[in-house]
Amino acid sequence: MKPTIYLDNGATTRVCEEALEVYLDVSRAHFGNPSSLHAVGFDAEGVLKNARAEVMKALGAKDGTLVFTASGSEANNLAIFGRAHAKERYRGKKILTTAGEHSSVSAVAAALKNEGYKYETIPTAGGALDFDALEKMLTPDVVLISAMIVNNETGALYDLARLSRMMKEKCPDAVLHADATQAFMKIPFTPAALGADMVTISSHKIEGPKGVGALYVSAQIIKTRGLSPLILGGGQEAGYRSGTENVPGIAAFAKAAIIAKNDLQNRIKKISDLRSYLLEKLESDDRLSDISALCPPEFSPHIVSLTVPNIKSETMLHFLSSEGICVSSGSACSSNAQVRHTSEALLAYGQTEQDADSSIRISFSHRNTREDVDALCEALALGLSKLARIRRAK
């Protein structure tokens with residue numbers, strides 16, 4: 001059996017050993033409910049408080065708080081629904097997102113449109129925000145802009161700092177929510193540098209356990225009561241997210257964040273080298289000459305979208321899997337849909353439906369090597385040859 005080469009780190013990452021050890025230790029030794037008013041509860045509360053401070057530090061947030069959730073998708077829902085429903089005067093106002101957002105943003109915005117809110121999308125052709133179009137959209141009734149920092153399918157890095165400056169100049173009541181699920185511990189940023197009022201991050205994207213996400217909420221939003229909860233009950237997480245906190249998972253998330261923060265520049269360099277090496281291989285190997293890569297003007301190096309012409313992405317994905325290579329055909333969340341749709345992110349980038357249906361996503365980790373890229377390219381070459389013969393035979 002061939003060894004597995006994992007190149008789907010945009011979907012999830014392997015839990016690092018240090019985070020796993022923390023998870024087990026907290027589960028065994030600090031198992032109390034942090035809301036309990038006794039020594040075991042106080043102990044768990046201390047672990048939770050320390051983890052919150054560590055993740056805040058890794059995020060580079062100087063004020064505000066973190067609301068821990070069960071996923072990045074829940075954090076996105078909290079940010080968008082929570083902001084739109086926070087005050088009666090926000091009802092029917094305008095919400096903006098980028099074209100090709102993750103479904104945990106676009107589906108929420110669409111649901112709000114059904115409630116009577118206005119909803120528009122900022123064009124992202126070529127992997128960049130269309131600021132001319134944005135300027136026309138920035139009317140005084142905008143209450144929220146939700147935008148990903150790094151597109152989860154194209155790797156495009158969006159200029160949210162410029163977006164924020166324009167928003168605050170033209171729409172003083174609006175706030176910016178940044179989905180940093182694919183940016184946290186992949187590229188350097190802080191909420192203040194982005195001008196973001198809320199930021200979503202996720203544990204399992206940075207070698208922490210699944211089932212833990214967080215929403216950073218600025219002090220100004222807290223002060224003005226500009227966010228309402230989705231889950232009501234015990235009032236945990238400063239009233240923004242009821243339910244007993246996943247203390248072991250949160251502590252492990254914090255450990256993964258600390259490790260990643262301390263090694264961030266080294267990881268960026270290594271992953272950038274892998275991206276460059278892959279693009280060089282595609283250009284120099286005649287067997288791969290038909291494959292094209294999306295190259296946004298600004299990007300996070302860990303995500304590369306490849307178009308394999310005339311071969312359905314799922315067909316190539318399954319072939320690569322049979323060769324021990326794990327990649328994806330887009331967002332892992334979208335892959336679970338009962339009815340598959342052409343990638344909105346790739347269409348928004350400017351791809352045709354045919355090319356979008358023939359695209360695969362490579363997403364690197366600092367644990368990957370040049371040998372992994374070599375194996376991928378060999379498997380792609382073999383797949384192109386075999387699948388083309390099958391297609392001709394039909």
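For residue 169 and residue 25, a Förster radius of 41 Å and the Cβ-Cβ distance give a FRET efficiency of 0.25, rounded to the nearest 0.05. Mind checking the dipole of the chain: about its Cα centre, +1 per Lys or Arg Cβ, -1 per Asp or Glu Cβ, Debye to the nearest 20? Roughly 540 debye, rounded to the nearest 20. Put in order of Cβ neighbour count within 10 Å, fewest first, the listed residues 91, 267, 83 become 91, 267, 83. Subtracting the Cα-Cα distance of residue 12 and residue 353 from their residue separation scaled by 0.36 nm leaves 120.1 nm.
Each of 300, 385 has some number of other Cβ atoms within 10 Å of its Cβ, and from fewest to most they run 385, 300.
Residues whose amide H lies under 5 Å from that of residue 69, counting only those 5 or more places away or on a different chain, are 213, 214, 215; hydrogens are built 1.01 Å from N in the peptide plane. Taking the Cβ of residue 107 as the center, what net charge do the other residues with Cβ under 14 Å away carry, scoring Lys and Arg +1 and Asp and Glu -1? Cβ neighbours under 14 Å give a net charge of -4.
Using the rule -39500 (n - 2.57) for each DSSP H run of four or more residues, divided by the residues of the chain, the 222 nm mean residue ellipticity is -13000 deg cm²/dmol.
Taking the C-alpha atoms only, the angle from helix 103-114 to the longest principal axis of the chain is near 60 degrees. Going by a ≥ b ≥ c, the root eigenvalues of the Cα gyration tensor, does the chain fall in the rounded group (a/c under 1.5), the prolate group (a/b larger than b/c) or the oblate group? Oblate.
Here r is the Cβ-Cβ distance between residue 276 and residue 310 and R0 is 22 Å; the resulting FRET efficiency, rounded to 0.05, is 0.25. Residue separation of residue 269 and residue 370 scaled by 0.36 nm, minus their Cα-Cα distance, works out to 35.0 nm of gained length.
Rounded to the nearest 0.05, what FRET efficiency do residue 190 and residue 326 give with R0 = 30 Å and r taken as the Cβ-Cβ distance? Could you check? It comes to 0.40.
Note on 302, 177: ascending count of other Cβ atoms within 10 Å places them as 302, 177, the fewest first.
Computed extension gain for residue 293 through residue 385, at 0.36 nm per residue and net of the alpha carbon distance, reaches 31.2 nm.
Looking at the chain, the DSSP beta bridges with both ends there are about 50 percent antiparallel.
None of the figures in this text is laboratory data; all of them are computed from the coordinates on show. Values in this document were obtained by computation on a predicted structure and should not be read as measured data. We place every Cβ from the backbone using ideal geometry, glycine too, and count neighbours over all the protein chains shown.
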